[in-house]
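S.K.: What follows is a single structure, and I will ask about it in a moment.
The values are calculated or read from the model by the stated rules, or taken from the named source; none is laboratory data. Since we're looking at a predicted model, the values are computed, not measured. In this analysis, Cβ positions are derived from the backbone assuming ideal geometry, glycine residues included, and neighbour counts consider all displayed protein chains.
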Amino acid sequence: MWRSACALGINRITQLASERGPAPMVTTTVLALPTMALIALFAVFVFGGVVKGVTGVGLPLVLVPLSAQFVPVPVAVALVSVSMVATNIVQSAEGGHTRRALRQLWPIMLPLSAGGVLGTHLLLSINQKRLDLIIGASFLLLALLLLSLPKVRINRRAARWGGPIVGFGAGVLGGMSAIFGPPMIAYMVSLGVEPNIFVKHMAILALTAATTMLLVLGGSGAMSGGDFLMSAAALIPIQLGMPLGRWLRGRIKPNWFRVLVLVVLAASGFDMLGRALF
């Protein structure tokens with residue numbers, strides 16, 4: 001009964017919003033899931049909120065790989081897109097000096113957006129098996145990168161040309177998987193950015209990347225009004241999980257959650273490679 005009512009309301013919005021574009025991919029896929037799969041998907045987003053509450057980061061790192069166990073990667077990416085924008089708006093404005101941060105980051109933000117446009121179009125057009133192969137290999141590499149996080153220092157002169165290159169690469173990868181963070185984290189660490197500035201800069205870059213991805217998904221017709229509504233509704237379980245995460249923050253070492261995120265990322269990478277190759 002409840003599913004029929006939700007389907008009627010959302011499908012009506014979907015029909016009105018998608019008359020000029022291709023069929024939506026989020027709403028129909030999610031509502032077609034078996035009840036147990038829906039419950040599991042809801043639990044995944046609650047867990048994502050817990051991780052966000054504990055560590056302050058890692059939302060797409062958890063949500064995309066785990067959601068991809070129930071829905072195709074493009075649907076998982078679209079489903080998390082609104083949450084990525086919403087959760088980074090406030091954090092990007094915290095601490096003040098936003099204009100200064102924007103002046104420092106625009107050489108990275110522009111190629112990051114350009115790469116995001118390319119990556120999102122690849123997400124929507126590439127063969128599913130090929131996409132699983134690329135994303136699976138990327139997840140394994142990202143897990144290795146986050147595990148080792150090489151302590152390399154980049155001087156300001158090298159950063160002038162290195163930043164845009166890293167930004168474009170992170171944009172392409174993020175457009176295909178919603179995971180923009182690891183390359184940018186490694187880059188910021190290599191610059192020796194202070195912790196408070198690091199958090200603000202990462203939030204601004206994540207907001208830039210997520211907004212680009214959301215605009216491309218909407219502009220291409222891959223997300224309808226109903227799909228945006230469904231993606232926005234995913235904020236509910238995330239918000240349910242965040243208080244538990246904040247409560248756990250003082251009782252469990254954040255590194256344990258970091259290891260758990262890496263395990264999820266690596267396991268999902270192996271799973272996607274298996275689906276692509278066999």
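S.K.: I'm trying to understand the selection: among the residues of region 196-214, which are of a type in the set (Gly, Ala, Ser) and surrounded by fewer than 24 Cβ atoms within 10 Å (Cβ to Cβ)?
M.R.: 203
S.K.: If you scan region 118-133, which residues turn out to be surrounded by fewer than 18 Cβ atoms within 10 Å (Cβ to Cβ) and in contact (Cβ under 8 Å) with a residue 60 or more places away in the chain?
M.R.: 121, 129, 130, 133
S.K.: Same structure again: Within region 93-105, which residues are surrounded by 13 or more Cβ atoms within 10 Å (Cβ to Cβ) and either modelled with pLDDT of 85 or more or in a helix (DSSP H, G or I) (or both)?
M.R.: Selection gives 93, 98, 101, 102, 104, 105.
S.K.: For residue 251, indicate whether it is out of contact with any His (no Cβ under 9 Å at 6 or more places or on another chain), more than 14 Å from residue 82 (Cβ to Cβ), modelled with pLDDT of 80 or more and basic (Lys, Arg).
M.R.: Here the answer is no, as residue 251 does not meet what is asked.
S.K.: For residue 120, which of the numbered conditions (1) more than 23 Å from residue 74 (Cα to Cα); (2) at pLDDT 75 or above fails to hold?
M.R.: (1)
S.K.: From the residues in region 69-92 that are surrounded by fewer than 24 Cβ atoms within 10 Å (Cβ to Cβ) and small (Gly, Ala, Ser), which one is farthest from residue 44 (Cα to Cα)?
M.R.: 92
S.K.: Can you list residue pairs whose Cβ atoms sit under 7 Å apart, with the first residue in region 235-247 being farther than 10 Å from residue 42 by Cβ and the second being part of a helix (DSSP H, G or I) and among the basic types (Lys, Arg)? Count only pairs 6 or more apart in sequence or on different chains.
M.R.: What qualifies is 238/52; 242/52; 245/52.
S.K.: Within region 189-212, can one find any residue that is at pLDDT 85 or above and not in a helix (DSSP H, G or I)?
M.R.: Among the residues of region 189-212, not one is at pLDDT 85 or above and not in a helix (DSSP H, G or I), which makes the answer no.
S.K.: Enumerate the pairs (first residue in region 60-84 and over 18 Å from residue 206 (Cβ atoms); second residue anywhere and modelled with pLDDT of 90 or more and not in a helix (DSSP H, G or I)) with beta-carbon separation below 8 Å, excluding pairs fewer than 6 apart on the same chain, so at least 6 apart or on different chains.
M.R.: 70/33; 71/33
S.K.: Could you check region 57-77 and list, in sequence order, the residues that are out of contact with any Phe, Trp or Tyr (no Cβ under 9 Å at 6 or more places or on another chain) and either closer than 17 Å to residue 125 by Cα or part of a loop (DSSP other than H, G, I, E, B) (or both)?
M.R.: Once the filter is applied, which keeps residues that are out of contact with any Phe, Trp or Tyr (no Cβ under 9 Å at 6 or more places or on another chain) and either closer than 17 Å to residue 125 by Cα or part of a loop (DSSP other than H, G, I, E, B) (or both), region 57-77 yields 57, 68, 69, 70, 71, 72, 73, 74, 75, 77.
S.K.: Return the only residue of 136, 169, 175 being modelled with pLDDT of 85 or more, more than 23 Å from residue 100 (Cβ to Cβ) and buried (at least 19 other Cβ atoms within 10 Å of the Cβ).
M.R.: Matching residue, one of 136, 169, 175: 175.
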